[in-house]
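The values are calculated or read from the model by the stated rules, or taken from the named source; none is laboratory data. This one's a predicted model, so the numbers in the text were calculated from it and none came from an experiment. Note that each Cβ is placed from the backbone with ideal geometry, even for glycine, and that neighbours are counted across all protein chains shown. Note: accessible area is taken over every heavy atom of the protein model, side chains too, but ligands, DNA and RNA are not part of it. Shrake-Rupley method; radii C 1.70, N 1.55, O 1.52, S 1.80 Å.
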Amino acid sequence: MSAVAKIWIDGKFYEKADAKISVFDHGLLYGDGVFEGIRAYNGRIFRLSQHIDRLYASARAIALQIWLTKAEMTALCEECIRINELHDAYIRLVVTRGVGDLGLDPRKCAKAGIICIADKIALFPAALYERGLVMMTAATPVHHREGVSPRIKSLNYLAHILAKIEAVAAGADEALMLEAGGGVAEGVGENVFALHGKVLLTPPAFAGILRGITLDAVWEIASAAGYQIREESLTRYDLYTADEVFLTGTAAEIVGVVKLDGRVIGTGVVGPVTKELAAKFKQLTTP
Ligand code: PMP
């Protein structure tokens, strides 16, 4: 983080060491809240309006009232990277139910807590983008879609963290998560694509995924480059037999997968289409 690290909480900027919230905040006590992870490239925030829309949709889905307008939230993100003198940045917006008591009744929380952090992020080391990820399927599934819908970017990431713990324990770089029915869902913080010939397949929103903003960008880039893209229910078979597999996400960007559950994907190296789309994504983010 830059030397002037300033974090915005509920209307004021604080130095990093002083940026603290109450232990009675229901975001901490119950994971009661929503968030966004957003990137800025060269001082320009990538697809900010989509992130803001998703944040407000997540909040609406958990009946959480955000006391900033979308325009104010947008301005806050801009201000946060400006004040921290960041050009390439990762912005974390968090909205919690706010400070309540030790019961879980959300009516005790008078006002949502809003936090904006601007920092840097490197999800995987650079060498992994060259080599490609080794993945394994986690036994922990994503949330059931009629439970905490995976479409809500909520503060409940425990299932995804458990999946990551499984992957790390097995010596893999990342976990593939399934939905409870056994279909392919997503990575722990990324969406997944499988290339078969000129067709890119990705699981549909009802398969228990967070609908990624990077997924949408890749969709646009890939269709402009002549690939067909289809949302289809996938099983692991569709990944094992793919020519290429890659993950997409704000933090991960585009990263190839070379092995899944001990099966070599395609030729075992990051494939040409993954590389082509990653290069085009870079042009899109940093023109
Ligand atoms: N799935 C999950 C569970 C995630 O946390 C993320 C990261 N936000 C994604 C997918 C990818 O979404 P995006 O491209 O919008 O970052």
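A few points about this structure:
- Net length gained if the chain between Ala61 and Arg44 were fully extended (0.36 nm per residue, minus Cα distance): 3.2 nm
- All Cα pairs of region 126-285, percent lying beyond 27 Å: 15
- Carbon/sulfur fraction of accessible area - region 50-138, other protein chains in place, 1.4 Å, %: 59
- Qualifying trypsin sites (Lys or Arg not before Pro) in region 108-146, where qualification requires a DSSP coil assignment and no more than 16 other C-beta atoms within 10 Å, comprise Lys111, Lys120.
- Applying a DSSP loop filter and a limit of 12 other Cβ atoms within 10 Å to the trypsin sites (Lys or Arg not before Pro) in region 6-98 leaves Lys20.
- The trypsin sites (Lys or Arg not before Pro) found in region 156-232 that occupy coil by DSSP, while having at most 13 further C-beta atoms within 10 Å, are Lys198.
- Dimensions (Å) - the chain, Cα atoms, principal axes, largest first: 54, 41, 32
- Sulfur and carbon atoms: percent of accessible area, region 162-287 [1.4 Å]: 57
- Under 20 Å from Lys259, Cα to Cα: lysines that are on another chain or at least 8 residues apart: Lys164, Lys275
- Two-decimal log10 I(q)/I(0) for region 216-282, as the Debye equation yields it once each C-alpha is a single scatterer, q = 0.19, 0.25, 0.28 Å⁻¹: -0.79, -1.25, -1.36
- Here's the picture: charge each Lys and Arg Cβ at +1 and each Asp and Glu Cβ at -1 in region 7-119, and of Phe35, Tyr56, Gly103 the one pushed furthest to the positive end of that dipole is Tyr56.
- On Cα atoms only, tilt of 70-83 relative to the major axis of the chain in degrees: 90
- Accessible area per residue for region 7-119, computed on protein heavy atoms with a 1.4 Å probe, is 50 Å².
- Plainly put, region 6-146 has a radius of gyration that is 1.01 times its Kirkwood radius, both from alpha-carbon atoms, as the Rg/Rh ratio.
- For the chain, DSSP calls about 80 percent of its internal beta bridges antiparallel.
- Computed E for Glu146/Tyr30 - FRET, C-beta separation, R0 22 angstrom, nearest 0.05: 0.65
- Between 0 and 90°, nearest 10: helix 272-285 axis offset from the chain longest Cα axis: 30
- Which of Ser22, Ser58 is most accessible, then next, and so on - probe 1.4 Å: Ser22, Ser58
- When both bridge partners sit in region 128-287, DSSP labels roughly 65% of those beta bridges antiparallel.
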